[in-house]
Amino acid sequence: MLGIGSLMRSLFSKVLISSWLFLILLIVSAVVAFLISLVLKEDLHILLFMVYLVFALYFSFFISYSLAIGVTEELKLLQEKTKKINAGEFTRNGVLSSIIEINQLSESIDAMSARLKLQFIDLNFEKEKFNLVLQNLKEGVFAIDGEKRILFQNNTIPESLIPKNSQSRSIESVIENKKFLNFLIQTIEKDQDGNIGIESKKKYYNISLYNLKPDDGSSIYIGMILDKTQERERQIFREQFFQNASHELKTPITSIKGYAETLNTRFNYPEESNEKKFLAAILRNTDRMIRIVEDMLTISRLESTNVVFQPEKFKLFDLIENLKLTIEGFIKIKKQKLTVIVPENLVIEADLLLIEHALLNLVQNASVYSPENSEIQLKASLVDDFLHLAVVDQGIGLEESDVERIFERFFRVDATRSRKEGGTGLGLSIVKHITKLHKGEITVDSKLGKGSTFTMKLPIDRN
Ligand code: ADP
């Protein structure tokens, strides 16, 4: 060190002082050497010059070395300080150098470190808040990266789906529920969003997975687990009630109809008599009740898990030809025209009886809710990987608010009209169930007073 001690100077003045000091030393030693040379013998002058040179070289080296060491040592202190900040140690070290520039740099670093500390505290606080909210959500939330490792899981996630403390572990090593694991793997491999219902330990969960696709090109999947056990139990209860009620009603209604028919034929009441009118009313209403019970039984069958769903390959055109015979009976009464636009050689794989049932319901509705002499179209076409089966009518149409509700059981826009036409309010429910069994969807496009188009969109396997 130069021995400038605690005196603070700028780097510029330090270098200047050192250079001056060096120069003064050179001059003083030159003067001393000159004075010595006056008293020294001439042949020793060379030696004196050599001593002077060594002395000058030594001082030159000493001064530049001290200067370099001084600056480097103090820069090293700065380096230590930044290393500590990097490691998250935001302490203020105060003045540590005799060089003004280094001190100023140190103070700037201190100010920066103080600001960073505050931002760090803020960030941590926000993170804690966010974590607290996520941990205490009613819904289970988890995150998975593109390598199928669990990044995050909140406390609500049931142990039976993702065990606690599974962070940083691969989903294959922690998730035991095969259905859940396969769903995650397939959705991640397809790079898509997905949704699935899963049963585990007598509970029923609805699980969704969303692909976040951050800007850096990586993949993060956020999963939501909703406990739907109560809804599921209520739905099962409703389905069982529906199933039991339809079964229990079928026998007494059939026997009432039998007795009414027997009375009608055995007593041969005169046409205009009250007895005849009452019996006709009983028969009309029991017929209606039988239709309702049959529709209820159909829905129960479609809903039950062991439903007899029997897909087979058949020519759609042949099915429509058969259907036309049944349809002709009722569309003739209203003098309506049925136009069929179906490719003749189109072979599909589906449950023939169920598709026939659904189309019959749709065409029957098209006829009931359309005026006389109108046209009904039955069209089939292939759109991408879907078969579109559409029934188009020029009937009364539907209000937008009713479109969402018409697939509900017993919902009718005009209950009196539906009843008068012999409707049960269950026809479209049945169509929706049949479409769902074929993994398809049904859409409605309707304008009040202009007509409606009901389209069953069924996925087809082109292989
Ligand atoms: P319904 O036996 O009463 O016809 P559906 O379930 O088949 O029962 O239909 C439910 C309701 O949807 C009907 O009552 C009717 O109001 C409406 N609807 C169904 N099809 C049509 C259609 N093609 N045009 C207009 N309204 C329709």
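Every number here is computed from the coordinates shown, using simple stated rules; none is lab data. Just so it is clear, the model here is predicted, and its values are computed rather than measured. No Cβ is skipped: glycine too gets one built from the backbone with ideal geometry, and neighbour counts run over all protein chains shown.
Taking a cut-off of 16 Å between Cα atoms, list the aspartates and glutamates near LYS164, but don't count ones fewer than 8 places away on the same chain.
Partners found: GLU139, GLU172, GLU176.
Which whole-Hz ³J(HN,Hα) couplings does the stretch 164-175 yield from phi under the Karplus relation 6.51 cos²θ - 1.76 cosθ + 1.60, θ = phi - 60°, glycine and proline marked x?
4, 6, 9, 4, 6, 9, 6, 4, 4, 8, 10, 8
Taking the stretch 99-219 on its own, what percent of its Cα-Cα pair distances exceed 23 Å?
Working: 3373 of 7260 pairs.
Considering the stretch 99-219, 46 percent of its Cα-Cα pairs are separated by more than 23 Å.
Starting from 0 in steps of 5 Å, tell me what percent of the Cα-Cα pairs of the stretch 247-383 lands in each bin.
That works out to 2, 8, 13, 14, 13, 15, 14, 10, 6, 3, 2, 0, 0, in percent per bin.
Calculate for the chain the 222 nm mean residue ellipticity that helices alone would give, adding -39,500 (n - 2.57) per DSSP H run of length 4 or more and normalising by residue count, nearest 500 deg cm²/dmol. Numbers along the way, then the final one.
Values: 12 runs with 249 residues, N = 463.
So the calculated ellipticity at 222 nm is -18500 deg cm²/dmol.
Please give the length that would be gained between LYS76 and ALA415 if that part of the chain were fully extended, namely 0.36 nm times their separation in residues minus their C-alpha to C-alpha distance (nm, one decimal). Kindly include the intermediate steps, with their values, before the conclusion.
Numbers: separation 339, 0.36 × 339 = 122.04 nm, distance 8.95 nm.
Full extension of this stretch gives 113.1 nm more.
Rank these for me by crowding, TYR221, TYR259, TYR269, going from fewest to most other beta carbons within 10 Å. Intermediate results must be reported in sequence, preceding the final value.
Working: TYR221 24, TYR259 12, TYR269 16.
In order of increasing Cβ crowding within 10 Å: TYR259, TYR269, TYR221.
In what order do SER418, SER218 fall by count of nearby beta-carbon atoms within 10 Å, going from fewest to most? Don't jump to the answer; show the numbers that get you there.
On the way: SER418 19, SER218 11.
Ordered from fewest to most neighbouring Cβ atoms within 10 Å, SER418, SER218 come out as SER218, SER418.
Can you give the convex hull volume of the alpha carbon atoms of the stretch 168-211 per residue, in Å³? Don't jump to the answer; show the numbers that get you there.
On the way: hull volume 3.4 nm³, N = 44.
For the stretch 168-211, the hull spanned by Cα atoms encloses 78 Å³ per residue.
With a 10 Å radius around each residue's Cβ, average the other Cβ atoms per peptide and rank 426-438, 33-45, highest first.
Details: 426-438: 21.5, 33-45: 10.8.
Ranking, from highest mean packing down: 426-438, 33-45.
Run the reach check for LYS276 against lysines, Cα to Cα strictly under 22 Å, same-chain hits fewer than 8 apart removed. What comes back?
Output for LYS276: LYS257, LYS420.
Assigning unit charges at the beta carbon (Lys, Arg +1; Asp, Glu -1) and nothing else, what dipole magnitude in debye, to the nearest 20, does the chain show about its Cα centre? Present the calculation step by step, with values, prior to reporting the outcome.
On the way: 58 positive and 60 negative charges, 204 e Å.
Approximately 980 debye in magnitude.
Provide ASP191, ASP227, ASP393 in ascending order of the number of other Cβ atoms located within 10 Å of each residue's Cβ, fewest first.
Values: ASP191 11, ASP227 16, ASP393 26.
Neighbour counts put them in this order, fewest first: ASP191, ASP227, ASP393.
Give the long-range amide H neighbours of GLY451: residues separated by 5 or more places, or on another chain, with amide H under 5 Å away, using H modelled in the peptide plane at 1.01 Å from N.
GLY395, GLY397, LEU398
Could you tell me the calculated FRET efficiency between GLU400 and ARG301, based on Cβ-Cβ distance and R0 = 30 angstrom, to the nearest 0.05? It would help to have the intermediate numbers written out before the result.
On the way: r = 32 Å, r/R0 = 1.07.
With a Förster radius of 30 Å, E is 0.40.
Based on the Kirkwood radius over alpha-carbon pairs, what is the Stokes-Einstein translational diffusion coefficient of the stretch 220-297 at 4 °C with 1.567 mPa s viscosity, in µm²/s?
On the way: Rh = 15.7 Å.
Result for D is 82 µm²/s.
Specify, per residue and in Å³, the volume enclosed by the convex hull of the alpha carbon atoms belonging to the stretch 35-189. Walk me through the intermediate numbers first.
Working: hull volume 30.4 nm³, N = 155.
Normalising the Cα hull of the stretch 35-189 by residue number yields 196 Å³.
Working only with C-alpha atoms, what are the Rg and Dmax values of the stretch 2-117, expressed in angstrom?
Final numbers for Rg and Dmax: 21.5, 73 Å.
In nm, what is the difference between 0.36 nm times the number of residues separating GLN186 and THR265 and their Cα-Cα distance?
Values: separation 79, 0.36 × 79 = 28.44 nm, distance 6.55 nm.
That works out to 21.9 nm of additional length.
Return the subset of LYS76/LYS127; LYS178/LYS432; LYS228/LYS436; LYS379/LYS450; LYS379/LYS447 for which the Cα-Cα distance in this structure is over 24 Å, preserving the input order.
Details: LYS76/LYS127 35 Å; LYS178/LYS432 30 Å; LYS228/LYS436 20 Å; LYS379/LYS450 18 Å; LYS379/LYS447 19 Å.
Listed pairs above 24 Å: LYS76/LYS127; LYS178/LYS432.
So if I restrict to the alpha-carbon atoms in the chain, what is the Rg, and what is Dmax, the biggest pairwise distance, in Å?
That works out to 45.7, 171 Å for Rg and Dmax.
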